[in-house]
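A.B. asks: To start, I am sharing the structure in question, which I have written as structure tokens.
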Amino acid sequence: MNRTIQTRVNGRKSIEENVEPRMLLVHFLRDRLRLTGTHVGCDSTNCGACTVLFDGKAVKSCTVLAVRAHGHEVTTVEGLAQNGKLHPLQAGFQHEHGLQCGYCTPGFIMAACDLLSRNPAPTEQEIRLGLEGNLCRCTGYHNIIKAVQWAAANLAEGKSDHV
Amino acid sequence: MSDADEGAYVGQRLARPEDRRFIQGAATYVDDVALPGMVFAAFVRSPHAHARIKSVNAEVALDHPKALHVLTGAEAVKASHPMPVYSYEPAQKIEKPAYPCLAAERVRFVNEPVAVVAATDRYSADDVAELVEVEYEPLPVLMDPEVSLQESSAKLHDNLPNNIGLHLVRQGGDIKAAFAEADGVLRRRFRMHRHTGSPIEPRGIVASYNVGQNALTVYASTQIPHILKTHLSEILDFPESNIRVIAPDLGGGFGNKLQVAPEYVAVCLLSMRLGAPVKWIETRRESLSAFIHARDQILDAEIAYKKDGTLLGISCNILVDAGAYLDARISGPTLGAGLWLTGPYRLKGYFCDMKETMTNKCPYAAYRGFGSTKGVFVIERSVDLIANELGMDRAEIRRKNLIQPEELPYKTVSGLVYDSGDYEEALDRALQAVDYQKLKAEQAALRKRGKYIGIGLAMAVEGAGWNTYTAAMARPYVPTQDYSTITIRMNLSGRVTIYIGDTSMGTSHGVTASQVAADALGVRLEDIDLVEGDTAVTPYDSGTRAARFAGVVIPGVEKAAKSLRSKVARVAAHILEAAPEDIEIRSGEAFVRGLRSKTVTLQRVAQVAFAEVWSLPPDIPPGMEATESFRAPRDSICVTWPYSVHMPVVEVDVETGITKVLKYVIVHDCGTEINPMVVEGQAVGGSVQGIGGVLFEELVYDEDGQLLTSTFMDYLLPTACEVPNFDVVHMATPAPQIPGGYKGMGEGGAVYSYAAVISAVADAIEHLGVEVTSTPLSPKRIRQMMRERAVVAA
């Protein structure tokens, strides 16, 4: 039986009726809320292109049912920039050329968000391990690591106060 | 504006303005396209590798409450022509195996589409597809390309009596004389395994047929919007002028998305039947099993050499496992392997026989490097093995044979015409950057402790931009020449838009085209926008392929921008009451040279050109627009010739078989660099595809033709934990034949990294009594090599 789902997505209240119980969170975000920044790359929880924050923790939204989000808070890449100001991770990816085709980028940014919230000053190895659940086919990861380092340094300098 | 102008954009490490949409989740990939009334498609696919289709029954499927339509292979074949195929050069033989968009009579690989369904939503489309009943009669399966050649083997296509789909032969120099002069001949069978580009965005399409206008609008994940349009027109027998292809943001392509996908044709047919927009988005399983496979070749090579290390000639028979059908691009990766067998070396003789054999696997086609990966692997590995036999150092044997700067331009015996550079200098810089002598001493010391590190070394000259495929329907072969046509327009606000008919697949066209145009025009980078990929508004173009952007498209951008500049200068001269030749344009302002006080903004110039035409002299046409073409030089099959030396350092654990890449040095030269940060990004990204291809990725079929690696759980892409940091050293020898001196380099990393990583693993373990001539070098394969060695030793 279809459900009504009430969530907070990117700080905004959302009420969606008639959601199939089998609907995946990623399709709920993309097709129902039209938040298309979250992508699907593999259908098997390997590539991480669909990574979002679920109550502040990174999850792969292709293996979470939308009904699970009822009463919970979801943050997608669209919710990161505040008052027209990019999140340091977004700025870092641009500054360090941490993306090429950009398809995996939102997933990397959200996974890195979670990483930096747990470990604000990660070593290179900790960054690599922290992003192991995300696949990028363009960059070879080299500049993604630099982007996260850039963001960590800028967050530490207090240039932005939110992760 | 002089080239030495301060603030020139070309050559600067500039962040990409286009990133703003990607980092905010505001890009538009094909799955982000939503049209009113859009319905969803799903494919019914074969569970058999080879079978006769006895019946297709859609009755139950159509009873599903959300089912809209089922299109079977039998209907599709009546409504469309087969998929195209052609050759990049005159072929000994090219027969076209009938390649329908949906199989009607026989299926020839697992997951070949046999029907397509439409339903009101994504999930229901999958449900409906499951309800289509297909009855099959299994047929014998051919999985080995060599068995496929045998006379007694079953034939996969009625018109291919020996299962050979394409046969090319190429020769140059005097191969007999080269071998007659030899002191030794190295004979080896080399083999590269099946794997593929696997862009993270799978294929996808939204096809929208408008009955009233008899018009078909297609949003597709493709590298070739214009060429796709031409193909669709022919396949569907539909007027090309009524087709509009829009390639939105592309989530990676790597050559795979040069494909004219049979699924795209079927979805177009579905939309035409329904008169509604239809979306299809591929799953990863479909992508790995039914999109494009690549690399899989057997290369039997003989290399003649003298005892002082002089290389004389190479002869090679190449067998390509083409899979079940010939993809349109099939001749490229075949020919590429053959052409690149000569490396950056002086050789006297060359012969290459290239055959495409049909098997019951997913069709084979282009993946970054376009064949050269195999040619470079064979020649570089052979040079190492010859050096070992002669007791020479790997760097020294190369030095002895490298083409020298004063010999350039140099025509290789395989027919490539290298343009400019200093290959030995690149080698020296790589050896220095990696600290070769010190590393060799370390390696020797570590070996005594049972720790095996290997220093990889591979180099090549890469062909960027192919003079092929612009005559889209060329078949079986017509000579071609690549070109670009660029439109550049200034609008009333003084901002500039560049229109290019290809699409950026992560290849940073926005920033690089803007850098070049900003310099040529005298405007600020932030005042330039790029429109790509929409056939309704961009000039015809052969697409994003073969690293052609810098060497073929950018000269067109520069030419069009200069043309627009002279138009701006004429109008500005009129406004400022000066001569056009005295006008300078900088940072969005035009002024009289040496008289900065006499200045007019480009916004004002544009306003006059568009809106105050009455004030212009009659010989200045209204508007502010230029279109120019650049025709690529045709001296050779490729347009420009960047080169690189790659030196990865690896450690191989012979107990576990695991190879760890410790560091990686790249020295490369792609002529004038537009944006070194972009160049490094391409070089590193391509190299990691080589690391993945050699060490991790493999498409494994069982003997029944079932693909065992159809998810990213089994098909292993490298993660951030499997790759090292990279050290990139730049050289910049301008291409003399290209205005601006640019050379393409997008395929770059991949061309060299295969050979380099293979060489590194070989250097780590060959002293233990094994020889590395095939891939993958997975942990399993390395353990197997060690076991076989133990048996031989016993």
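Every number here is computed from the coordinates shown, using simple stated rules; none is lab data. No experiment lies behind these values; they were computed from the predicted model shown. All Cβ positions, even for glycine, are placed from backbone atoms using ideal geometry, and neighbour counts span all protein chains on display.
A.B. asks: For the range A:88-156, just run the numbers: alpha carbon Rg, then divide by 2.2 N^0.38 Å, N being how many residues it has. All intermediate terms of the calculation are to be shown ahead of the outcome.
C.D. replies: Working: Rg = 10.4 Å, N = 69, 2.2 N^0.38 = 11.0 Å.
Computed over Cα atoms of the range A:88-156, the ratio equals 0.94.
A.B. asks: Indicate, rounded to the nearest 5 percent, the antiparallel portion of the DSSP beta bridges found entirely in the protein assembly as shown.
C.D. replies: Details: 118 of 151 bridges.
Around 80 percent of the beta bridges assigned by DSSP in the protein assembly as shown are antiparallel ones.
A.B. asks: With a Förster radius of 35 Å, plug the Cβ-Cβ distance of residue B:441 and residue B:787 into 1/(1 + (r/R0)^6) and report the FRET value to the nearest 0.05. Intermediate results must be reported in sequence, preceding the final value.
C.D. replies: Values: r = 31 Å, r/R0 = 0.87.
E(calc), rounded to 0.05, equals 0.70.
A.B. asks: Residue by residue through B:193-201, how many Cβ atoms from other chains fall within 10 Å of the Cβ on average? Could the numbers behind the result be given before it?
C.D. replies: Numbers: counts 0, 0, 0, 0, 1, 5, 6, 18, 9.
Across B:193-201, the average partner-chain Cβ count within 10 Å equals 4.
A.B. asks: I've got another one for you. Place a +1 charge on the Cβ of each Lys and Arg in chain B and a -1 charge on the Cβ of each Asp and Glu, then give the dipole magnitude about the Cα centre in debye, rounded to the nearest 20. Don't skip to the answer; put the middle values down first.
C.D. replies: On the way: 79 positive and 98 negative charges, 141 e Å.
So the magnitude is around 680 debye.
A.B. asks: In addition: Is the shape of the protein assembly as shown best called rounded, prolate or oblate, per the rule: a/c under 1.5 gives rounded, else a/b larger than b/c gives prolate, else oblate, with a ≥ b ≥ c the square roots of the Cα gyration tensor eigenvalues? Could the numbers behind the result be given before it?
C.D. replies: Numbers: a/c = 1.31, a/b = 1.08, b/c = 1.21.
It comes out rounded by the Cα gyration axes.
A.B. asks: May I pose another question? Give me the mean projected area, in nm² to one decimal, of the convex hull enclosing the Cα positions of chain A. Spell out each step's value before the answer.
C.D. replies: On the way: hull surface 35.7 nm².
Over every viewing direction, the Cα hull of chain A projects on average to 8.9 nm².
A.B. asks: Of B:176/B:400; B:451/B:660; B:438/B:663; B:155/B:355; B:307/B:348, which pairs sit farther than 18 Å apart, going by alpha carbon to alpha carbon?
C.D. replies: Details: B:176/B:400 22 Å; B:451/B:660 12 Å; B:438/B:663 14 Å; B:155/B:355 16 Å; B:307/B:348 16 Å.
As for pairs spanning more than 18 Å Cα to Cα, those are B:176/B:400.
A.B. asks: Could you check the spin-label model distance between residue A:121 and residue B:771? Points 7 Å from the Cα along Cα→Cβ, value in nm.
C.D. replies: Placing both labels 7 Å beyond Cα along the Cβ direction yields 5.5 nm.
A.B. asks: Taking the Cα centre as origin and putting +1 on Lys and Arg beta-carbons and -1 on Asp and Glu beta-carbons, what dipole magnitude results for the protein assembly as shown, to the nearest 20 debye? Provide the component values of the computation, followed by the final result.
C.D. replies: Working: 96 positive and 113 negative charges, 117 e Å.
Charge dipole, the protein assembly as shown, about its Cα centre: 560 debye, nearest 20.
A.B. asks: I want to check the label-to-label distance for residue B:406 and residue B:59. Put each point 7 Å from Cα in the C-beta direction and report it in nm to one decimal.
C.D. replies: 8.5 nm
A.B. asks: Going by how many other beta carbons lie within 10 Å of each one, how would you line up B:490, B:731, fewest first? Each step should come with its number before you reach the end.
C.D. replies: Numbers: B:490 27, B:731 19.
The fewest-first ordering by Cβ neighbours comes to B:731, B:490.
A.B. asks: Please report Rg (one decimal) and Dmax (integer) in Å for the Cα set of the range B:710-751.
C.D. replies: According to the Cα coordinates of the range B:710-751, Rg and Dmax are 17.0, 47 Å.
A.B. asks: Expressed as a rounded percentage, what relative contact order does the range A:3-77 have, with Cα pairs under 8 Å and six or more residues apart? Intermediate values should be presented prior to the final figure.
C.D. replies: Numbers: 151 pairs, mean separation 29.4, N = 75.
This gives 39 percent for the range A:3-77.
A.B. asks: Between the helical axis of A:105-118 and the dominant principal axis of chain A, each derived from Cα atoms, what acute angle in degrees is found, rounded to the nearest 10?
C.D. replies: 80 degrees
A.B. asks: Continuing with the same structure: Find out how many positive minus negative residues lie around residue B:764, taking Lys and Arg as positive, Asp and Glu as negative, among other residues whose Cβ is under 11 Å from that of residue B:764.
C.D. replies: Working: positive: B:447, B:451, B:660; negative: B:651, B:653, B:763, B:766.
Combined, the nearby Lys, Arg, Asp and Glu give -1.
A.B. asks: Work out, step by step, the length gained on full extension between residue B:729 and residue B:89: first 0.36 nm times the residue separation, then minus their alpha carbon distance; give nm to one decimal. Spell out each step's value before the answer.
C.D. replies: Values: separation 640, 0.36 × 640 = 230.40 nm, distance 3.57 nm.
Fully extending the segment from residue B:729 to residue B:89 adds 226.8 nm.
A.B. asks: Something else now. For Cα pairs less than 8 Å apart in space and 6+ apart in sequence, what is the mean separation divided by the residue count of the range A:70-131, i.e. the relative contact order in percent? If you can, show how the numbers build up before the last one.
C.D. replies: Numbers: 24 pairs, mean separation 17.8, N = 62.
Relative contact order comes out at 29 percent.
A.B. asks: In chain A, which longest range has no trypsin sites (Lys or Arg not before Pro) that are both DSSP loop (not H, G, I, E or B) and surrounded by at most 11 other Cβ atoms within 10 Å? Could the numbers behind the result be given before it?
C.D. replies: Numbers: sites that count: A:22, A:34.
After excluding every exposed loop site, the longest remaining stretch is A:35-163.
A.B. asks: So, one more: Could you check the spin-label model distance between residue B:191 and residue B:700? Points 7 Å from the Cα along Cα→Cβ, value in nm.
C.D. replies: Rounded to a tenth, the inter-label distance reads 1.5 nm.
A.B. asks: Below 9 angstrom from the Cβ of residue B:122, what's the summed charge of the other residues (Lys, Arg +1; Asp, Glu -1)?
C.D. replies: Working: positive: B:279; negative: A:31, B:121, B:126.
With Lys, Arg at +1 and Asp, Glu at -1, the net is -2.
A.B. asks: Right, here's the next one. Report, as an integer, the average count of C-beta atoms from other chains found within 10 Å of each Cβ along A:43-51.
C.D. replies: Working: counts 8, 8, 3, 9, 5, 3, 3, 0, 0.
Average per residue, whole number: 4.
A.B. asks: Treating only the Cα positions of chain B as identical point scatterers, give the base-10 log of I(q)/I(0) from the Debye formula at each q in 0.05, 0.06, 0.08 Å⁻¹.
C.D. replies: Each listed q corresponds, in turn, to -0.27, -0.40, -0.70.
A.B. asks: Sticking with this structure for a sec: Which length gain, in nm to one decimal place, applies between residue B:529 and residue B:20 when the Cα-Cα distance is subtracted from 0.36 nm times their residue separation?
C.D. replies: Numbers: separation 509, 0.36 × 509 = 183.24 nm, distance 1.29 nm.
Between residue B:529 and residue B:20, full extension yields an extra 181.9 nm.
A.B. asks: Hey, another quick one. What value, in deg cm²/dmol to 500, does the helix sum -39500 (n - 2.57) over DSSP H runs of n ≥ 4 give at 222 nm once divided by the residues of the protein assembly as shown? Please report the intermediate quantities before stating the final value.
C.D. replies: On the way: 24 runs with 274 residues, N = 957.
So the calculated ellipticity at 222 nm is -9000 deg cm²/dmol.
A.B. asks: Right, here's the next one. Can you work out the FRET efficiency for the pair residue B:662 and residue B:211, with r the C-beta to C-beta distance and R0 = 51 Å, to the nearest 0.05?
C.D. replies: Details: r = 62 Å, r/R0 = 1.21.
Once the sixth-power term is evaluated, E becomes 0.25.
A.B. asks: Near residue B:279, which lysines are there with a Cα under 18 Å away, not counting those fewer than 8 places off in the same chain?
C.D. replies: Within the straight-line limit of under 18 Å, residue B:279 reaches these lysines: B:66, B:229, B:257.
A.B. asks: Sticking with this one: So which aspartates and glutamates can residue B:562 reach, going by Cα to Cα under 14 Å and dropping same-chain residues fewer than 8 places off?
C.D. replies: Answer for residue B:562, where 14 Å is the Cα cut-off: B:3, B:519, B:581, B:584, B:625, B:628, listed by chain and number.
A.B. asks: Same structure, new question: Tell me the net charge near residue B:340. Cut-off is 15 Å between Cβ atoms, residue B:340 excluded, with +1 for each Lys or Arg and -1 for each Asp or Glu.
C.D. replies: That sum, taken over residues with Cβ under 15 Å, equals +2.
A.B. asks: Could I ask something else about it? Provide a whole-number value for the mean count of partner chain Cβ atoms within 10 Å of the Cβ atoms in peptide B:25-32. Don't skip to the answer; put the middle values down first.
C.D. replies: Values: counts 17, 6, 8, 1, 6, 0, 5, 5.
Averaged over the peptide's residues, the number is 6.
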